[in-house]
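For reference, the structure is listed below as structure tokens.
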Amino acid sequence: LNNVHLMPRWLVELEKKLDEYAADGSHEKFRVFLTSDPSSLIPIGILNRCIKLTNEPPTGLKANLKRAWCFFPKDYIEE
């Protein structure tokens, strides 16, 4: 399920369903994959059960070029 931060009310229902599946003895290989932006509206119960991975966005072309130019000595650039 992608972008679950856009449906916080439904996440409460999802949490209840996951509780039911756990109580009924769901299959040991049962998995639910969720993606989200950071949000305070995601229920704590879902967050506690999850393995959380983060992916930092790239810093951008301008920042990369600036960092690259800092590695060259000033004399080298002025030549």
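The values are calculated or read from the model by the stated rules, or taken from the named source; none is laboratory data. In this text the structure is predicted, and so the values were computed from the model without any measurement. As a convention, Cβ positions derive from the backbone with ideal geometry for all residues, glycine included, and neighbour counts pool all protein chains shown. Just so you know, the surface numbers come from the protein's heavy atoms only, side chains and all, with ligands and any DNA or RNA stripped out. Shrake-Rupley method; radii C 1.70, N 1.55, O 1.52, S 1.80 Å.
Numerical summary
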quantity: Whole-number percent relative contact order across the chain, with pairs defined as alpha carbons under 8 Å at least 6 apart; calculated: 40 percent
quantity: Helix-only [θ]222 nm of the chain, DSSP H runs n ≥ 4, -39500 (n - 2.57) each, per residue, nearest 500; calculated: -14000 deg cm²/dmol
quantity: Calculated P(r) tail over 14 Å for the chain, as whole % of Cα pairs; calculated: 73 percent
quantity: Rounded tilt (10° steps) of 61-70 against the dominant C-alpha axis of the chain; calculated: 40 degrees
quantity: Förster radius 35 Å - calculated FRET efficiency between residue 37 and residue 65, Cβ distance, rounded to 0.05; calculated: 0.80
quantity: Residue range of the chain that is longest and free of trypsin sites (Lys or Arg not before Pro) which are both DSSP loop and sparsely packed (at most 14 other C-beta within 10 Å); calculated: 1-28
quantity: Nonlocal Lys pairs with alpha-carbon distance under 21 Å, the chain (8 or more apart, or different chains); calculated: 7
quantity: Residues of the chain: accessible area per residue with a 1.4 Å probe, Å²; calculated: 94 Å²
quantity: Sparsely packed chymotrypsin sites (Phe, Trp or Tyr not before Pro) within the range 4-49, loop by DSSP, other Cβ within 10 Å at most 14; calculated: 30, 33
quantity: Accessible surface, 1.4 Å probe, highest first, among residues 41, 14; calculated: 41, 14
quantity: Loop sites in the range 15-78: GluC sites (Glu not before Pro), DSSP, at most 10 other Cβ within 10 Å; calculated: 28
